[in-house]
Amino acid sequence: MTSAPQPEHHGLFDRLAHRLAGRTTEPIADRAKERIGRMEDRVRSSVMAELDAVSRSVRARAVQVRPSAIAFAVAAVLTVLALALMVGSAVVGLAHVLPLWLALLIVGVALLLLAAGAAAWGRNHLPPGPVLGVPPAPMPTHPAEELVHPWAD
């Protein structure tokens with residue numbers, strides 16, 4: 001079987017319909033592009049504002065934690081020095097059985113006490129709450145919420 005020839009006016013109708021559709025959809029497409037562009041700008045500015053807020057929060061938290069961090073560093077240095085002196089005092093005490101080792105041991109214990117005091121001071125002056133300010137994850141109100149999703153079939 002052969003197909004019947006199409007009338008000439010049918011092709012003309014298709015061209016007119018295509019031209020009419022193009023004229024009506026171009027303004028809609030332009031408006032859609034403009035709105036999408038504005039939405040991109042809003043999202044970009046919202047993300048930048050959020051990043052700036054997080055950056056300010058981290059800087060403020062670092063300023064609050066700085067004295068405690070310095071105290072912990074001082075405690076660590078004093079602990080290393082105290083251990084070095086105590087080891088030195090043990091060596092000298094065993095080698096020479098003289099009062100010099102007793103002096104070194106007393107200085108070492110004093111440095112350890114200073115380190116413990118600095119660590120306790122630093123711990124007491126930490127700001128309350130988590131250091132990075134990360135909020136805890138919300139707990140589900142019902143155990144079934146973890147298994148059921150509104151978009152699942």
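The values are calculated or read from the model by the stated rules, or taken from the named source; none is laboratory data. Quantities reported herein were computed from a predicted structural model and do not represent experimental measurements. When we count neighbours, we look across all protein chains shown, and the Cβ atoms used for this are built from the backbone with ideal geometry, even at glycine. Areas reflect the complete protein model, heavy atoms only, side chains present, ligands, DNA and RNA absent. Shrake-Rupley method; radii C 1.70, N 1.55, O 1.52, S 1.80 Å.
Each label point is 7 Å from the Cα along the Cα-to-Cβ direction; what then is the distance between the points at Ala73 and His125, in nm?
Result for the modelled spin labels: 1.4 nm.
Among 49-57, 108-116, what's the highest-first ranking by average C-beta atoms within 10 angstrom per residue?
Values: 49-57: 10.3, 108-116: 16.6.
Descending packing order for the listed peptides: 108-116, 49-57.
How would Ser46, Ser89 line up by accessible area, probe 1.4 Å, largest first?
Ser46, Ser89
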